[in-house]
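The structure under discussion appears below in the form of structure tokens.
Bear in mind that the values in this text are calculations on the coordinates, not laboratory data. Since the structure is predicted, the reported quantities are computational estimates derived from the model, not experimental observations. Cβ sites come from the backbone with ideal geometry, for glycine too, and all protein chains shown count toward neighbours.
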Amino acid sequence: MSSRDGAYLTRHSTPEGPRWAVDGRWLPPAFRLDLLLQLPVSAMPAALAALASDQPAEGELLAPIEPSHEVWACGVTYLRSREAREAESTVRDVYARVYDAERPELFFKALGTRVVGHGAEIRVRGDSRWNVPEPELTLVVNAAGEIAGYTVGDDVSSRDIEGENPLYLPQAKVYDGACAIGPGLLLRTADAMADLPIELELSRNGAPVFSGSTRTSQIKRPLAELVGYLYRECRFAGGAFLMTGTGIVPPMEFSLERGDHVRITIGELTLENGVARS
């Protein structure tokens, strides 16, 4: 059994295809996360306990998401993020306005098919000169809009493309290797995520080049409010993932390079990814 506070779901590579486990034990081969996320949050622990086997899970970790799932993201939810966006952008007041506005910024990030997991490679765009990781508490939300738990997310971004014109946001945010989540999903209440530590460590050729930290308590808006806006006019029959913004921004002179290593820790979970060399 896992020592984590809350059921811990992981997805593994096996010769028969991807397979889910809970607290280190295999779930049935037919188990699907989208079916679990159709249940009320209160029913999930009992359902998982009834399905878990006694067999220990093995195999390479995959991104803890299914191909049909959508990952969405929030922008400018931390004051530090607003300041950074204003500094990089030619239209600075846009970011001040969205930070203070009633309606949050929400944008589509990736389908499950484009998400990479722990140990896999993220990418930087070939047509961008300024690329950064963005460590983000990523909510796992059920079909009814209840927050079921969290994972670690990296919303890799091309800051020069977005800074040139906010309408270029999809190109800055949505491309192959721009979204990583993992290593697994920790089922916890929203209250338990209210003040989690977030740490980012970047290394190059084995040497540290940047580190930073913040806490989820610095997010301006309640997590349930962010989810509520996402679910206002969108239906997610099998649940959804929502990145909640970043509060750690490397200095303007820093850009990810091919071969760099990114390590993000949020609460009890750590996601590590190398940057692809091509």
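Converting phi to 3J(HN,Hα) with the Karplus coefficients 6.51, -1.76 and 1.60 and the offset θ = phi - 60°, the stretch 12-19 yields 10, 7, 10, x, 8, x, x, 9 Hz in sequence order, with x at every glycine or proline. If you average the C-alpha positions of the stretch 121-136 and of the stretch 149-201 separately, how far apart do those two centres end up, in angstrom? About 12 Å separates the Cα centre of the stretch 121-136 from the one of the stretch 149-201. Arranged from fewest to most other beta-carbon atoms within 10 Å of their beta carbon, Met44, Met252, Met243 become Met252, Met44, Met243. Per DSSP H run of n ≥ 4, the term is -39500 (n - 2.57); total these for the chain, divide by its residue number, and report the mean residue ellipticity at 222 nm rounded to 500 deg cm²/dmol. So the calculated ellipticity at 222 nm is -4500 deg cm²/dmol.
Each Lys and Arg adds +1 at its Cβ and each Asp and Glu adds -1 at its Cβ; summed about the Cα centre, the stretch 8-62 shows a dipole of about 140 debye. Rounded to the nearest 20 debye, the dipole size of the chain about its Cα centre is 220 debye, using +1 on the Cβ of Lys and Arg and -1 on the Cβ of Asp and Glu. Note on the stretch 8-62: dipole from Cβ charges, positive end direction compared against Trp20, Val41, Ala57; the farthest Cα belongs to Val41.
Only the Cβ atoms of Lys and Arg (+1) and of Asp and Glu (-1) were treated as charged; on that basis the dipole of the stretch 21-161 about its Cα centre amounts to roughly 240 debye. The mean sequence separation of alpha-carbon pairs under 8 Å and at least six residues apart, normalised by the residue count of the chain, gives a relative contact order of 24 percent. Length available on full extension from Glu199 to Ala46: 0.36 nm per residue minus the Cα-Cα distance, which gives 51.8 nm. Taking +1 at the Cβ of each Lys and Arg and -1 at the Cβ of each Asp and Glu, which of Leu185, Ala96, Ala207 sits farthest along the dipole of the stretch 93-235 towards its positive end, judged by Cα position relative to the Cα centre? Working it through, the farthest residue towards the positive pole turns out to be Leu185. Of Lys109, Lys220, Lys173, the sequence from fewest to most neighbouring Cβ atoms within 10 angstrom is Lys220, Lys173, Lys109. Ranked by the mean number of other Cβ atoms within 10 Å of their residues, highest first, the peptides 159-171, 202-214 fall in the order 159-171, 202-214.
Once backbone amide H atoms are built at 1.01 Å from N, Gly184 has Val152 as its partners under 5 Å, excluding neighbours fewer than 5 places away on the same chain.
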